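Notes follow once the structure below has been shown.
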Amino acid sequence: MFSNLNLAQKGLILVVIPLLFQLGFIYVLNGQLDQAERERQQESIYKEKKQHLAKISRIVLADAGGLAIYGMRKGGDGSGPDVRYKHVSDAVPAEFEALERLSQNDPQELKDIQSVRELATKIVKDFRRIRNDISSDNYLVAVKQFNQLRPQIAVLENQLQVVNDLQDQLENAGAENWSARREEVKRVLVLATLVNILIATLLSFAFYRGTTRRLAIVVENSERLARGQELLPALTGTDEIAQLDSVFNQMAKILNEAARKERAVVENAVDVIFSIDERSTLTNISPASLQVFGYDSEDLRGRNVRFLLPKDEADETVQKLTATQRGDAQFESHITKSGGTQIDVLWSVHWSSEERQYFCIAHDITERKRAENLLRLAEARIRLIVESMPIGLIIIDDNGRIELNNPSVERMFEKTMNDLVGGSIGMLFGKPETVTDAEFTADLIQKTKSHAYELEAVSTYKKKIPVEVSMNEFETLEGKRHLVLVIDVTERHEVERLKQEFISMVSHELRSPLNSVLGFLEMLPEGIYGDLNDTGQEKVTVAERNVNRLIRLINDLLEIDRTEAGRLSMEIEDIPIKPLIDRSVDAVKALADKENITITVSDSDTIVTADGDRIVQVIVNLLSNAIKYSPKGGKIEVTTSTQEDWLEVRVKDEGRGIPAQYKALIFEKFQQVDSSDWRQKGGTGLGLAISKAIIDQLNGSIGVDSEEGKGSTFWFRLPLKKVASSQFTAS
Ligand code: ADP
């Protein structure tokens, strides 16, 4: 129970119980003293009463004696000298009043005193009468009365004596009481002292059991905790000491758990955990040493750490180790494994000045070092490539701030790296001042999204450089970045220009002589130089066909040159599609008839906004291809349809179809599905490229749907002027 009280409560008990007892003791003692005081007062009352009684007796006797003397002096016949008599018994009532006042607490005594007073009053009255008789010389009467009064005086004396004796008795009884009281006080004092000693002993014992002994257990537990020993059983109770002990027990549990975990960590750690004393001796080493150093931990314990270090590095490593006494440190060294191979190790060292030991963790970083070396080499290689690349490489953030560039950029823009890094990409491409860097960058990202974008860059010395820019987004730890590739296309433009010049020069130079050769060949069968035999006729026909093809090729080349130079003339007008299709069919009719091919055309009253001749050129090209690649007697359908706000024209054949991988390619220059197409079908590989250029310029699109071996459907779409079409097939 005592152990459940807290220390403050225990202290209170220790103070309050003796205090309460002392108070009780004082109370009892005080009662005794009060009683003694009362008795002492009573005693003085008795004395006073006795004084009053004696005084009354004296007065009465004095008065009686005085009367006798007075009578005798006066003489029996009044012949004696005239003497004066002082009547003293007048003081008697006052004495009785005092007596009555002192006895008012004792009714019996008061009654007795009152009866004595009655007698005394009567006697005093008689004294007065006797004196009067004597004064008036009635001496005999006075003597007679006096004699009669004597027994009464004796009675009074007797009564007074009785009362006096009573007071004596009471006084004696009081004295006895007083000595009994003193004895009692002595007993109380002795008893109180004994009880006090007992209480003090009991409380001390309880305090010892409840506090001192418990505190000793806690102190013992704290020492055990410090020594890492098992603690004494936990204290019961809920006081502070029990709580403190419970905290120690919990701490012990936690420390045990931590120690267990620490042991588990050390034993299972991949890194080698070990301690070294001041003389460089390995004092403890974790089991990982077998895996990492190739030595069993037991074999290493007690050895000098130099045993593990390469000879030429041992001094330096031990010095590094000693230097860690000035604070925790990390350093790298080599370790010689049991087989003699060396590994790279990262040491993390903590010097304990209390235990005078180094606590170390050795982490095998051989692989990391190797990877770092490889990375360094790879980095150097990439750096070399990037730095020697003729293409400009710039890394920018979303706001266009340049973070990195290669030397090509510096050469291209006649700037130093200092000018570039931290600057804005906009400064390289003449960004207008009204546009912010972020806006300019966003615009550039947008423009380079699907293909490389050509624009003009400006060098430090205001030189304008045509460049092709492409951008790639990538993530870094700091966020999104963009790799900007800048290719100076000045030379490419020059080559292009020369090529165009060459093509047009060659085309013009070839077309005129070829036309005259054709004219000459056409005239030959008419016999202007004599009749030709059959073989001659045949050879001329072949020559005529080849020259025709050459002329077509030159025409196509010139056409494509014009499309690429953007010099394709267009006369845009609102025009119905149907007549254009009919014109195209008419143009290839002879060719189709020759191959016995039927061409059907759907009706349509759709009007397009386009250059009619160019549309005919496209449809003729699609129809010629369809005829070229259709089997003899095949069927070609030309249909139109409108959807939303565009018109679609479709040319369907029953030819060999287009392999999937060529569907986009054949719309590029000189691209043919089969290399023999040039020879066998007389194609140039330019027709579809020209058609695409025309359709593109009219804001339309062109393509092909085909499955190999199942014919092809070439189509183009044009923006609509007016939609009003019916679709059917007519032969
Ligand atoms: P070409 O003068 O060679 O016909 P084009 O640009 O018109 O040049 O066509 C390119 C190539 O596309 C042709 O060489 C041929 O291989 C293929 N091609 C075009 N139209 C068809 C078609 N209707 N059927 C099969 N292949 C075709």
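Any idea which residue in region 628-674 is nearest to TRP715 (Cα to Cα), counting only those that are within 60 Å of the chain's Cα centre (by Cα) and of a type in the set (D, E, K, R)?
Restricting to residues being within 60 Å of the chain's Cα centre (by Cα) and of a type in the set (D, E, K, R), the top hit is LYS663.
Kindly provide the set of residues from region 226-254 that are in contact (Cβ under 8 Å) with a residue 12 or more places away in the chain, under 14 Å from LEU5 (Cβ atoms) and under 35 Å from the mean Cα position of the chain (by Cα), ordered by number.
none
ASN196 - would you say it is modelled with pLDDT of 85 or more and surrounded by 14 or more Cβ atoms within 10 Å (Cβ to Cβ)?
So ASN196 fits the description; yes.
Among ILE666, ILE636, ILE599, ILE658, which is the only one that is hydrophobic (A, V, I, L, M, F, W, C), touching a residue at least 24 places away in the same chain (Cβ under 8 Å), within 16 Å of the ligand (Cβ to nearest atom) and in a loop (DSSP other than H, G, I, E, B)?
Step by step, each of ILE666, ILE636, ILE599, ILE658 is checked, and only ILE658 is hydrophobic (A, V, I, L, M, F, W, C), touching a residue at least 24 places away in the same chain (Cβ under 8 Å), within 16 Å of the ligand (Cβ to nearest atom) and in a loop (DSSP other than H, G, I, E, B).
Which members of region 10-32 meet the condition of being touching a residue at least 24 places away in the same chain (Cβ under 8 Å) and of a type outside the set (D, E, K, R)?
Of everything in region 10-32, those that are touching a residue at least 24 places away in the same chain (Cβ under 8 Å) and of a type outside the set (D, E, K, R) turn out to be ILE13, LEU14, ILE17, PRO18, PHE21, GLN22, PHE25, VAL28, LEU29, GLN32.
Give me the residue from region 453-490 that is loosely packed, with under 15 Cβ neighbours inside 10 Å and of a type in the set (A, V, I, L, M) and, out of that set, modelled with the highest pLDDT.
Once the filter is applied, the top-ranked residue is LEU483.
Only one residue in VAL517, VAL486, VAL469, VAL506 is out of contact with any Gly (no Cβ under 6 Å at 6 or more places or on another chain), of a type in the set (A, V, I, L, M, F, W, C), closer than 30 Å to ASN406 by Cα and not in a loop (DSSP other than H, G, I, E, B). Which one?
Every option except VAL469 fails the conditions.
Restricting to region 337-354, what's the tally of residues that are touching a residue at least 12 places away in the same chain (Cβ under 8 Å), part of a loop (DSSP other than H, G, I, E, B) and either under 35 Å from the mean Cα position of the chain (by Cα) or farther than 20 Å from GLN291 by Cα (or both)?
1
Assess whether SER569 counts as being more than 21 Å from SER507 (Cα to Cα), out of contact with any His (no Cβ under 8 Å at 6 or more places or on another chain), among the small types (Gly, Ala, Ser) and more than 16 Å from the ligand (Cβ to nearest atom).
no
Looking for something within 27 Å of GLY228 (Cα to Cα) and assigned to a helix (DSSP H, G or I) - is there at least one such residue anywhere in region 280-288?
Scanning region 280-288 turns up at least one residue that is within 27 Å of GLY228 (Cα to Cα) and assigned to a helix (DSSP H, G or I).
Do we have SER333 as buried (at least 18 other Cβ atoms within 10 Å of the Cβ), of a type in the set (S, T, N, Q) and assigned to a strand (DSSP E or B) here?
yes
Does THR281 fit the bill of being loosely packed, with under 12 Cβ neighbours inside 10 Å and in contact (Cβ under 8 Å) with a residue 24 or more places away in the chain?
The answer is no for THR281.
Would you mind stating whether ALA587 is within 16 Å of the ligand (Cβ to nearest atom) and either of a type in the set (S, T, N, Q) or at pLDDT below 95 (or both)?
Criteria met by ALA587.
Could you please find all residues in region 686-710 being part of a loop (DSSP other than H, G, I, E, B) and either more than 8 Å from the ligand (Cβ to nearest atom) or more than 14 Å from VAL618 (Cα to Cα) (or both)?
LEU698, ASN699, GLY700, GLU707, GLU708, GLY709, LYS710
Going by the structure shown, is GLU559 of a type in the set (D, E, K, R), touching a residue at least 24 places away in the same chain (Cβ under 8 Å), under 30 Å from PHE520 (Cβ atoms) and surrounded by 18 or more Cβ atoms within 10 Å (Cβ to Cβ)?
yes
State yes or no: is ILE396 aliphatic (A, V, I, L, M), within 17 Å of GLU456 (Cα to Cα) and within 40 Å of the chain's Cα centre (by Cα)?
no
Restricted to region 612-627, and to residues that are near the ligand (Cβ under 9 Å from one of its atoms) and touching a residue at least 40 places away in the same chain (Cβ under 8 Å), which residue is nearest to PHE714 (Cα to Cα)?
If we take residues in region 612-627 being near the ligand (Cβ under 9 Å from one of its atoms) and touching a residue at least 40 places away in the same chain (Cβ under 8 Å), then LEU622 is nearest to PHE714 (Cα to Cα).
For THR713, state whether it is outside any helix (DSSP H, G or I), polar (S, T, N, Q) and either modelled with pLDDT of 90 or more or more than 7 Å from the ligand (Cβ to nearest atom) (or both).
yes
Could we say that VAL270 is in a loop (DSSP other than H, G, I, E, B) and β-branched (Val, Ile, Thr) here?
yes
Identify the single condition in (1) closer than 24 Å to ARG583 by Cα; (2) more than 8 Å from the ligand (Cβ to nearest atom); (3) modelled with pLDDT under 90 that GLU644 does not satisfy, given that it satisfies every other one.
So the condition that GLU644 fails would be (1).
Considering region 1-37 alone, what residues qualify as being surrounded by 15 or more Cβ atoms within 10 Å (Cβ to Cβ) and not in a helix (DSSP H, G or I)?
Passing the criteria: LEU5, ASN6.
Identify, please: which residue in region 669-685 is near the ligand (Cβ under 7 Å from one of its atoms) and small (Gly, Ala, Ser) and is, among those, farthest from LEU557 (Cα to Cα)?
Once the filter is applied, the top-ranked residue is GLY683.
Just to be sure before I move on: is TYR27 more than 30 Å from ARG117 (Cβ to Cβ) and at pLDDT 85 or above in the structure I sent?
Taking the combined requirement at face value, the residue satisfies it.
Output yes when any residue across region 575-583 is in contact with a Ser or Thr (Cβ under 6 Å, 6 or more places away or on another chain) and modelled with pLDDT of 85 or more, and no when none is.
Yes, some residue in region 575-583 is in contact with a Ser or Thr (Cβ under 6 Å, 6 or more places away or on another chain) and modelled with pLDDT of 85 or more.
The values are calculated or read from the model by the stated rules, or taken from the named source; none is laboratory data. All of these numbers come straight from a predicted model, not from anything done at the bench. With ideal geometry, Cβ positions are generated from the backbone for all residues, glycine too; neighbour counts draw on all protein chains shown.
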